[in-house]
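The next block holds one structure in the form of structure tokens; read it before the comments.
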Amino acid sequence: MAALHLRHLTPLAPYLSPLTKSPLHFSPFYTHSVPSRNKRFSTLIMASAARKVLVPVANGTEPLEAVITIDVLRRAGADVTVASVEKQLGVDACHGVKIVADALISDCADTAFDLVSLPGGMPGAATFKDCKTLESIVKKQAENDRPYAAICAAPAVALGSWGLLKGLKATCYPSFMDQLSSSASAVESRVQQDGKVVTSRGPGTAMEYAVALVELLYGKEKADEVSGPLVMRSNQGDEYTFTELNPIKWTFDSSPQILVPIADGTEEMEAVIIIDVLRRAKAEVVVASVEDKLEILASRKVKLVADVLLDEAANRPYDLIVLPGGLGGAQTFANSEKLVNLLKKQRESNKLYGAICASPALVLEAHGLLKGKKATAFPAMCNKLSDPSEVENRVVVDGNLVTSRGPGTTMEFSLVIVEKLFGRQKALELAKTMLFVQ
């Protein structure tokens, strides 16, 4: 098992609020640089009742980074505006994920934000760089000593190009580090904070980054309150592990055909991570809406667009059916006769099926699809499982079934699916490319 590399992390010094002289605490999984001059922004923001956050999106944005940031900040109570820098609200993010923004960036030009956070992905980050309205908004953040942040390609391509990282420690996706070093003091931390600026490395560090933003805006107590139910890993950067019982070889013909249903109330982080990771692995993923329309409103109000309706998707066979969680979405899945019948046929044919978070309990258990199987689920749902003997494990594989716990285990869940389909080497290569494993 790979060890977490600590050589790039510097000791955390207490950061005193200039008004209260009490320490602001920062979590150990990211590096914080004490600002060289007095800045009042953190205290002022924490005293503010409303935290307005802007998350821009574009064609070619990395959807996992965008959606995790939006979801986690909204869990903290932030008023997050998802703004398209394109001419329309709908954007075609990387890996075929379609997101509908709340507003156009032009609608946001005169709004004062407590935080602006740029997701990565190419060419999305390059589109950000060329967007004069967005550049003006972020430069206004800097001028007014308000926080701004970026992840993956965006620190180097956008913030660095705008001159907004000068004299600051920052990090980014490894292949952009040379570019970053010309505009910032480049470091290899998974998440780096220098004063009011937070940067991070890539998809596999996005949840840590999002929690760091919550801590910046609201303090450590709120960050801990939000991160607990996410079921995040404590050993960030280590190789993932999972529990397997009754091992069998997962087979497919040419490219694995995978169905991922979504519905109103689906947990958007779980859905997008599953889709993103499996498409990176070159699986054929069909995203099917269980509603009567392609666009769904996920649990934290992210608008996602499916490829097809379930009625159309149900006309073809699948090697694997994977259910994301989210309470409302899982209940809709459980009430969908068509989806439940697909799952029952999948089990009867000894084909592969899986679920995460609320779905193992509310869908699989409720319809007898866990009979004779070991499984796990979201911690608060585990009392609904008839066999709770393996529930403490983050990912459980039992023959042709795979289950997992929640948003913070979804990357592991998806990588385990990749491993079972393509082998551990492929899964670890993907995990390292995404910066989930160091």
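Structure summary
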{"item": "Strands (runs of 3 or more DSSP E) contained entirely in the range 63-139, each with at least 1 residues that are farther than 23 Å from D307 by Cβ and assigned by the TED database to the domain that holds C152", "result": "79-84, 115-118"}
{"item": "Odd one out for Q192 among (1) closer than 17 Å to E62 by Cα; (2) open to solvent by less than 10 Å² (accessible area, probe 1.4 Å)", "result": "(1)"}
{"item": "Residue check for L165: in a helix (DSSP H, G or I) and in the same structural domain as G77 (by the TED database)", "result": "no"}
{"item": "Hits in the range 253-269 (condition: open to solvent by 10 Å² or more (accessible area, probe 1.4 Å) and either touching a helix residue (DSSP H, G or I) at 6+ places or on another chain (Cβ under 8 Å) or not in a loop (DSSP other than H, G, I, E, B) (or both))", "result": "Q257, D264, G265"}
{"item": "So V418, is it assigned to a helix (DSSP H, G or I), of a type outside the set (G, A, S) and in contact (Cβ under 8 Å) with a residue 60 or more places away in the chain", "result": "yes"}
{"item": "Selected residue (only one of L320, L294, L309 is crowded, with 17+ Cβ neighbours inside 10 Å and at pLDDT 95 or above)", "result": "L320"}
{"item": "The range 126-145: number of residues that are out of contact with any strand residue (DSSP E or B) (no Cβ under 7 Å at 6 or more places or on another chain) and either more than 15 Å from L180 (Cβ to Cβ) or crowded, with 24+ Cβ neighbours inside 10 Å (or both)", "result": "12"}
{"item": "So K338, is it charged (D, E, K, R) and either over 23 Å from S254 (Cβ atoms) or without any contact (Cβ under 8 Å) to a residue 40 or more places away in the chain (or both)", "result": "yes"}
{"item": "Matching entry among P155, P174 (being farther than 28 Å from N393 by Cα and buried (at least 24 other Cβ atoms within 10 Å of the Cβ))", "result": "P155"}
{"item": "Condition broken by R394, with the remaining ones in (1) under 15 Å from G325 (Cα atoms); (2) free of Cβ contacts under 8 Å to residues at least 60 places away in the same chain; (3) open to solvent by 10 Å² or more (accessible area, probe 1.4 Å) satisfied", "result": "(2)"}
{"item": "Y218 out of contact with any His (no Cβ under 9 Å at 6 or more places or on another chain), over 22 Å from M411 (Cβ atoms), touching a residue at least 60 places away in the same chain (Cβ under 8 Å) and hydroxyl-bearing (S, T, Y)", "result": "yes"}
{"item": "Subset of the range 229-250 that is open to solvent by 50 Å² or more (accessible area, probe 1.4 Å) and modelled with pLDDT of 95 or more - its residue that is nearest to F378 (Cα to Cα)", "result": "P229"}
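The values are calculated or read from the model by the stated rules, or taken from the named source; none is laboratory data. Since the model is a prediction, treat every value here as computed from it, not as a measurement. Virtual Cβ from ideal backbone geometry, glycine too; neighbours counted across all protein chains shown. When the accessible area is computed, the model is the full protein with side chains, heavy atoms only, and any ligands, DNA or RNA have been set aside. Shrake-Rupley method; radii C 1.70, N 1.55, O 1.52, S 1.80 Å.
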